[in-house]
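Shown next, in structure tokens, is the structure this report addresses.
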Amino acid sequence: MADEGIAAALSLADRPQLRRGVRAGIDPLSGDKVLLFPEGVLFLNETAAAVIQECDGSRSVTEVVQAIGEVYDNVALEDVITLLQELITQHLLVAHRG
């Protein structure tokens, strides 16, 4: 696994997935997409939720970006990597070395 404390180490071949105890869901009051974890909840925008959906541990960062690019126009590789790195730093995502 990638060192979750060092987000800069994320490579394009790494395979991100939600950390154990973290799951994607829908907020029952607002209907917004969220990440649920023992310490709280993180509300996601539509694009972030789509990125999370692709992070199942079998797809590389490159494949996640390609999948998102097929659905959304103008998705920058840097934006997806920044999101993934932030989620790793927050201990919501892990990245297996590719």
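All of the numbers you see were taken from the coordinates with simple rules; none came from a lab. Because the structure is predicted, anything quoted here is derived from the model rather than measured. Glycine also receives a Cβ, built like all others from the backbone with ideal geometry; neighbour counts cover every protein chain displayed.
Hey, what D do you get for the chain in µm²/s if you plug the Kirkwood alpha-carbon radius into Stokes-Einstein at 25 °C and 0.890 mPa s? Don't skip to the end; give the middle numbers.
On the way: Rh = 13.4 Å.
The diffusion coefficient I find is 183 µm²/s.
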Along the dipole axis of the chain (charges at Cβ: +1 for Lys and Arg, -1 for Asp and Glu; origin at the Cα centre), the most positive-end residue among Y72, H96, L12 is H96
Environment charge of V51, counting only residues whose C-beta is closer than 12 Å and scoring Lys/Arg +1, Asp/Glu -1: -4
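Note down the magnitude of the dipole of the chain about its Cα centre, charges +1 on Lys and Arg C-beta and -1 on Asp and Glu C-beta and zero elsewhere, to the nearest 20 debye.
Details: 7 positive and 15 negative charges, 82 e Å.
I would put it at about 400 debye.
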Can you list the HN-Hα couplings for the stretch 58-67, worked out from phi with the Karplus curve (6.51, -1.76, 1.60; θ = phi - 60°), rounded to whole Hz and with x for Gly and Pro? 9, 9, 6, 4, 4, 5, 4, 4, 4, 5
Sorted by chain and number, the residues with a modelled amide H under 5 Å from that of L93, at a separation of 5 or more or across chains, are R19, I88
Using amide H atoms built in the peptide plane, which far-off residues or other-chain residues are under 5 Å from D14 H to H? V61, G98
Measure off 7 Å from each Cα along the Cα-to-Cβ vector at F37 and L12, then give the distance between these two points in nanometres to one decimal. 2.7
